[in-house]
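What follows is a single structure, written as structure tokens, with notes after it.
A short reminder: the numbers here are calculations on the coordinates, not readings from a lab. Computed from a predicted structure; not experimentally measured. When we count neighbours, we look across all protein chains shown, and the Cβ atoms used for this are built from the backbone with ideal geometry, even at glycine.
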Amino acid sequence: MPRRYVIALIKHETNTFSPIPTPLSAFGHGNGPAFGAAARERFACTNTPMAAYLDIGERERAEVVTPVAAEAWPSTKTSRATFEQLIGPLEDAVRGGCDAVFLDLHGAMVIEDCDDAQGEIVRRLRRVAPKLPIAVTLDYHTNLSSELVDNATVITGYKTYPHVDMYDVGKLAGEILVRALNGEVEPVMAWGWRPLLASIMRHAPDDGPSRDIVRYAREMESSGRVLAATFLASFPHADTPNTGVSAVVVGDRKRDGIEAAKEICDKMLEIAWKRRAEYTFVAPPLAESVARAKALGEGAPGRPVLLIDHCDNCGSGGAQDVMAVVAEVLRQQLDDVAIAPIRDPESVAQMIAAGVGNEVALELGGKTDMPSIDLQAKPLHIRGRVRTITDGEFTVTGPMYTGLAMHLGRTAVLDTGKVEIVVTERAHEPMDVGVFTHCGIDPLRKKFIMLKSRIHYRAGFKPIASHIVECAGAGVTNADLSVYRYQKLRRPIWPLDPL
Ligand SMILES: [Zn+2]
């Protein structure tokens, strides 16, 4: 009898301060969730944990069921009703009987009445089948809970940011679970948490304490002492009691057991805690950063200088329409700039109505009030020519989400002479050059590229950049954590409290 595997994806990074709603239609990156065979189709052969699980299922000649695949760009809490529509088919599939479940989850998903959606998912599946073997993959930006660890068999998380190792992390979790089913290993997990809010601008395992922690985790995995070692840098824009840096290690009872797992878990957290001051990010004033970028661009012709507008990044729940950095770029008269993307359906409609080649005057962006941080929407008055109109569809060719189709909605490029701005109907994190190339802009030929991104841009754009300048505008992904009115955090917590 072939084994029956349930493979599912339910993912959302919830910025509880975000003004952007998360209806059911937001899942599937704006095209709605996929159920049944469509779930498998959407994610097969992509760089995701779900694809790795599917490959394992096929190799094992298992009967594979894919009840749901649903991922939305970061935004505010989902409603209970939306969440039930996602988890319902998954529960039904488990109720139908299965040998194991393989879950591609986020780790920072919050529902209106539950601070830890992923904890609820595994708890409810275990309620249906108490001994069910469950593998879970998590995003690097997880706020880990005991409920999640207690109800899963194996947990692994991304070790990269930008997250270019999603497939590998799914493969690791999936293979451990299959080996457990075969009786080759006996997984046992140790985990820990520290009261540390780490700024996302300082998360990347390319630098800072994360580099040493992730390197250590990889060494421990290759040593064979444990099956998997994961450091989770947290998601500080979710106001929950679980928010903070954590680690989870999968040991093998047949080898070094829980002791090795505990020791390695503690060591990772010890490095993070000792070097907690390095996780704080202080941004210079905006005008200073833009002036620096301008000087770098004029001094170094060839490859573009990147201006990173990190406070309003939809990849962490931003509205993608705060115009502060664009306004400063125009004020300082940078020339030969490509900007992507500004989310503004009204302006897109106006540009489409005007038609390619024609002049338009727009009140661009600035449509979204952000009461959680007392920020009022402020559009930018701008004139230009409509250069291109597209359907906003392209497939990622870069290393992050390779092969996945992106849906920006109708998209139009505004050309002011000095600046070309990609304006979209839907929010999109610019992690791939396709955001420009699909509308006829060659980013390599620009002097400056301005991106509404924080770290994920590095996947597609770091290789083509001469310099990178982080520009602090405004928005709900502000690195300055003092702008947020936290209510649910466990206190005291670094760096908000002296510790
Ligand atoms: Zn992430």
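Rounded if a/c is under 1.5, else prolate if a/b is larger than b/c, else oblate: which is segment 286-479, with a ≥ b ≥ c the root eigenvalues of its Cα gyration tensor? Verdict is rounded for segment 286-479.
Stretching the chain fully between THR397 and VAL282 yields a gain of 38.1 nm (0.36 nm per residue, less the alpha carbon separation). Size descriptors for segment 1-159: radius of gyration and Dmax over Cα atoms are 14.4, 50 Å. Restricting the calculation to alpha carbons of segment 4-279 gives Rg and Dmax of 17.3, 50 angstrom.
The mean sequence separation of alpha-carbon pairs under 8 Å and at least six residues apart, normalised by the residue count of the chain, gives a relative contact order of 17 percent. In order along segment 303-313, phi translates into HN-Hα couplings of 8, x, 8, 8, 10, 9, 8, 8, 8, 9, 9 Hz, rounded to whole numbers, per the Karplus curve 6.51 cos²θ - 1.76 cosθ + 1.60 with θ = phi - 60° and x for Gly and Pro.
Modelled label positions at ALA129 and ILE373, each set 7 Å beyond Cα in the direction of Cβ, lie 4.3 nm from each other. Rounded to the nearest Hz, the phi-derived 3J(HN,Hα) couplings of segment 481-497 under the Karplus curve 6.51 cos²θ - 1.76 cosθ + 1.60 (θ = phi - 60°) are 5, 6, 7, 9, 8, 6, 10, 10, 4, 6, 10, x, 8, 6, x, 6, 10, where x marks glycine and proline. A convex hull fitted around the alpha carbon atoms of segment 83-158 yields 78 Å³ per residue. Of the trypsin sites (Lys or Arg not before Pro) in segment 432-499, the ones in a loop by DSSP (not H, G, I, E or B) with at most 14 other beta carbons within 10 Å are ARG485, LYS488, ARG490. Residue-wise HN-Hα couplings along segment 187-199, as the Karplus relation 6.51 cos²θ - 1.76 cosθ + 1.60 with θ = phi - 60° gives them from phi, are x, 9, 10, 10, 8, x, 9, 10, x, 9, 8, 9, 5 Hz; Gly and Pro carry x.
For a test of the definition: using alpha carbon positions, the gyration tensor, and the 1.5 limit on a/c, classify the chain as rounded, prolate or oblate. Taking the square roots of the gyration eigenvalues as a ≥ b ≥ c, the chain is prolate. The GluC sites (Glu not before Pro) of segment 114-196 meeting both criteria, a DSSP state outside H, G, I, E and B (loop) and at most 14 other C-beta atoms within 10 angstrom of the site's C-beta, are GLU184. For the cross-link pairs LYS171/LYS446; LYS131/LYS171; LYS77/LYS367; LYS274/LYS447; LYS131/LYS274, the ones whose C-alpha atoms lie over 32 Å apart are LYS171/LYS446; LYS274/LYS447; LYS131/LYS274. Per-residue extension of 0.36 nm, minus the Cα-Cα distance of ASP442 and GLN332, leaves a gain of 37.3 nm for this segment.
Close amide H contacts of THR402 (hydrogens built in the peptide plane, cut-off under 5 Å, sequence separation of 5 or more or a different chain): ASN47.
Run through the DSSP bridge list for segment 286-479 and note the antiparallel percent, rounded to the nearest 5. Expressed as a percentage, antiparallel bridges in segment 286-479 total about 55. Per residue of the chain, the DSSP helices (runs of n ≥ 4 H) give a summed -39500 (n - 2.57) that works out to -8500 deg cm²/dmol at 222 nm.
For ARG343, the residues 5 or more places off, or on other chains, whose built amide H falls under 5 Å of its own are ASP321, THR424. I need the shape label for segment 141-205. Rule: rounded when a/c is under 1.5, else prolate if a/b > b/c, else oblate, with a, b, c from the alpha carbon gyration tensor. In terms of gyration-tensor shape, oblate. In this structure the amide hydrogen of GLU393, modeled in the peptide plane, comes within under 5 Å of the amide hydrogens of LEU408, none closer than 5 places in sequence on its chain. Between ARG490 and ASN31, the FRET efficiency from the beta-carbon distance, with R0 = 35 Å, is close to 0.40.
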